[in-house]
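Structure, as structure tokens:
The values are calculated or read from the model by the stated rules, or taken from the named source; none is laboratory data. Model, not experiment: these values are computed from the prediction. Methodologically, a virtual Cβ is constructed for each residue, glycine included, from the backbone with ideal geometry; neighbour enumeration extends over all protein chains shown.
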Amino acid sequence: MTDTLADAFVLTPIGHIESDYPDKFGIPRQPGLAGAARATLVLAPPYDDPLAVRGLEAFSHLWLTFVFHRSPERWTPLVRPPRLGGNAKVGVFASRSTHRPNRLGLSLVELEAIDTRGGVRLALRGADLVDGTPVLDLKPYLPWAEAHPEARAGFAPAPPPALPVAFTADAETALAARADGDSLRALIRQVLAQDPRPAYRRGAEDRIYGVRLRDVDVRFRAEAADDGTTALKVVEIVAV
């Protein structure tokens, strides 16, 4: 008997993500754009057997297949990519939208360390995954097979332009009081440089936005420079 479209598959997560992103808002839309972002993949029983990751330390990067578990269980044939201003529509399969038929995502992350004391924990960098994300599988990245710089990238031919990010004196004081102040500052810069504001709200410089990173709420606003460009300023960093 041949498979039909009515067939269903049961997928079991092999673990979950602990990350610097408590909420979806502010997460870079692609992996690697915020290298200061810390994440840990915690493998679940029975997949937390150290034998399952033997030899993985020889690879620098991993593919993670995961579930967009915080996205609605619905899909639409047309979506509005932020790179097109949030107005133009493309087919869902011509995008990386979270509103997919099976809510599956694919992320390329850097492997920093493997801890096999009492289970398996993989320390990652550059992840674009919200805290608690279920991971279905991981595979080593092979640059000779999977890197094609000559490939066409459609409506996203290059990384998004990075906005300048500044901090008020109060925000700098809050960072200076933290043991992880330097790494948090770097994370804030990298996240805000991607301009997490909704595309339809850009241009409203008087609005204060808040993005959750680690255990703080980073409050920021847009400011227009004399040359017409936009910068983002962190006005307050509040523990939550």
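Data overview
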| quantity | calculated |
| --- | --- |
| Criterion violated by A174 - all others in (1) over 30 Å from G91 (Cβ atoms); (2) in contact with a Lys or Arg (Cβ under 8 Å, 6 or more places away or on another chain) satisfied | (2) |
| Any hit, the stretch 73-84, residues being basic (K, R) and in contact with a His (Cβ under 9 Å, 6 or more places away or on another chain) | yes |
| The stretch 8-27, residues that are of a type in the set (A, V, I, L, M, F, W, C) and in contact with an Asp or Glu (Cβ under 9 Å, 6 or more places away or on another chain) | L11, I14, I17, I27 |
| Residue check, G26 modelled with pLDDT under 95, part of a loop (DSSP other than H, G, I, E, B), under 22 Å from I114 (Cβ atoms) and touching a helix residue (DSSP H, G or I) at 6+ places or on another chain (Cβ under 8 Å) | no |
| Some residue of the stretch 201-214 being in a loop (DSSP other than H, G, I, E, B), within 23 Å of R29 (Cβ to Cβ) and at pLDDT 95 or above | yes |
| Hey, Q194 out of contact with any Ser or Thr (no Cβ under 9 Å at 6 or more places or on another chain), surrounded by 15 or more Cβ atoms within 10 Å (Cβ to Cβ), assigned to a loop (DSSP other than H, G, I, E, B) and at pLDDT 90 or above or not | yes |
| The stretch 100-112 residues that are of a type in the set (G, A, S), paired with ones that are buried (at least 21 other Cβ atoms within 10 Å of the Cβ) (beta carbon under 7 Å, 6 or more apart) | G105/F66; S107/P31; S107/L64; S107/F66; S107/A127; S107/D128; S107/L129 |
| Residues of the stretch 147-180 satisfying the condition of being out of contact with any Asp or Glu (no Cβ under 9 Å at 6 or more places or on another chain) and either at positive phi or in contact (Cβ under 8 Å) with a residue 24 or more places away in the chain (or both) | G154, F155, A156, P159, P164, V165, F167, D180 |
| Among residues of the stretch 151-187, those that are outside any loop (DSSP other than H, G, I, E, B), farther than 30 Å from A44 by Cα and among the aliphatic types (A, V, I, L, M), counted | 8 |
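Per-residue answers, yes or no, for (1) under 18 Å from the mean Cα position of the chain (by Cα); (2) farther than 29 Å from I188 by Cβ:
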site	(1), (2)
H61	yes, no
W75	no, yes
P81	yes, no
R117	no, yes
V130	yes, no
V135	yes, no
P149	no, yes
P157	no, no
